[in-house]
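As structure tokens, the structure follows; a few thoughts come after it.
Values in this text are rule-based calculations from the coordinates and carry no lab data. Note that the structure is predicted; figures quoted are calculated from it, not measured. Don't worry about glycine lacking a Cβ; one is built from the backbone with ideal geometry, like all the others, and counts go over all protein chains shown.
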Amino acid sequence: MTEKNFEDFLKKAAESYNAPPARTPREEMWSAIQAKRAAGPRVVYGGGSAVPATREKRFGTRVWIGAAAAAMLLVATGVGIGRWTAGPAAAPASGAANPVLGKPVVVMQGPDAGAVIDQPATASTNPAPSLRSPSGRQVATMSGQSNRSVTNSSNEPERLPSVAGSSSAYQLTAVQHLSEAEALLTSFRTRSTADQQMDAQLGAWARQLLSKTRLLLDSPVANDPQRRPLLEDLELVLVQIVQLSPGSTSQDRDMIEKTLQQDHVMTRLRTAIPAGAQRGS
Amino acid sequence: MQTVANESRSSVNDIELITRVVAGDASAERELYERHVDRIYRLAFRLAGDDDLARDFTQATFIRAFEKIGSFRGDSTLSTWLHSIGVSVALNGLRRTKRLRNREAPLEEGLTVGAASSDADPDLKERLARAIDSLSDKYRTVFVMHDVEGYTHEEIGETLNIPVGTSKSHLFQARGKLRVALADFAPEWAS
């Protein structure tokens with residue numbers, strides 16, 4: 001009986017607990033509901049309350065995943081194209097037989113150690129390789145023996161130009177060298193026999209050109225069936241000029257002149273030099 | 001017999017109503033709202049004890065119901081389903097505002113809200129309110145729904161997704177705690 005009394009007592013006393021107002025604010029709440037639904041995410045029937053937000057999140061995640069995949073695909077494609085296009089030149093080269101090094105440096109050993117010949121990093125910007133001394137003056141240094149070596153002296157990774165670009169640089173170098181040789185030989189033929197100082201200067205000049213000639217003989221330039229014999233004949237003439245001593249006789253000079261005439265060195269030189277090419281530089 | 005007939009008719013009407021709502025019928029939405037808003041709002045107010053919160057909870061309940069109504073499978077009545085959402089919304093909202101609500105409680109105690117029974121002693125009302133507020137959510141919800149709003153244990157069980165026996169147990173536990181809290185008033189119910 002006491003329990004029943006307590007329940008009745010409790011229910012009666014609890015009627016006042018958080019007692020709601022007599023009138024439910026229907027219209028106000030309905031207006032608020034409509035406003036919130038209009039302002040909030042669009043209602044999608046068939047499953048989803050907070051689903052729109054979740055779907056937006058998932059959609060966002062999908063977008064990011066797709067973008068990342070696209071970026072990776074783009075990078076992979078770029079790397080693949082790069083490797084494919086640079087593939088033939090990518091193999092490391094050693095020696096002058098492989099001219100595709102980006103900046104090959106020929107180091108002369110022996111008495112002329114120190115002179116280097118370097119190729120431009122890119123044939124398009126400065127396609128003509130130059131022969132220069134440690135002081136920077138453009139010279140050719142003669143190797144005392146045939147102990148020439150070509151090496152990539154730079155340890156740092158370098159860009160490898162295309163074969164075509166490198167070949168073009170060698171061709172230009174060859175033309176420049178032949179022009180300079182023509183100038184030397186012309187000077188030699190027109191010199192005064194009594195001028196020993198002139199002989200000494202020509203001898204030094206010939207020494208430089210001889211060194212460069214030998215380098216070119218080891219280069220792809222010598223692969224040309226017409227240019228290689230010319231370079232070999234030129235090498236012979238230059239050796240003779242270098243070996244001329246201040247006290248050499250006119251007979252020695254005649255032998256050189258005879259070689260030039262027999263082998264038509266001068267004619268072949270001028271033929272090998274295209275019109276308009278810079279000469280004697 | 002008449003009650004069963006009414007429930008059956010109500011279920012049929014609910015299904016039709018839901019079908020129309022899902023089809024995008026705005027008038028059906030309003031009709032659904034009008035049918036259930038009173039009870040939802042009353043329960044929300046009982047749990048919240050604050051008109052603004054009760055309105056917010058009621059509005060959130062219907063917004064969520066309209067969004068989810070496509071997933072309503074008919075395992076329970078529409079009213080029970082709505083009450084499930086309403087209680088869930090209210091309890092979650094109250095947890096978030098619990099600290100603020102506790103601070104404002106002393107001020108609210110001085111206010112007269114709604115049509116409170118004038119029979120209860122003011123001191124009893126205050127003690128009872130504090131005692132009910134101190135109950136855990138599960139006990140308080142069952143107590144409010146059963147002893148204050150008059151829901152059956154079956155309805156409570158479906159709404160809170162608990163067995164009927166659990167609902168009864170929670171009510172027993174709640175009453176026991178309130179009996180202890182109101183021990184000073186024992187002569188009033190013993191007499």
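Some observations on this one:
- Excluding same-chain neighbours fewer than eight residues apart, the lysines reachable from A:K4 by a Cα-Cα span under 17 Å are A:K12, B:K168, B:K177.
- Net charge of neighbours whose Cβ lies under 14 Å from the Cβ of A:Q251, counting Lys and Arg as +1 and Asp and Glu as -1: -1
- For B:F72, net neighbour charge (Lys/Arg +1, Asp/Glu -1) across residues whose Cβ lies under 14 Å away: -2
- Counting, for every residue in A:74-82, the Cβ atoms of other protein chains within 10 Å of its Cβ and taking the mean gives 0.
- Shielding score for B:172-181, defined as the mean number of other chain Cβ atoms within 10 Å: 1
- log10 of Debye I(q)/I(0), alpha-carbon scatterers only, for the stretch B:127-191 at 0.26 Å⁻¹: -1.06
- For the segment B:13-19, counting C-beta atoms of other chains within 10 Å of every residue's C-beta and taking the mean gives 0.
- Calculated Rg and Dmax of the stretch A:176-273 using C-alpha coordinates, Å: 12.9, 40
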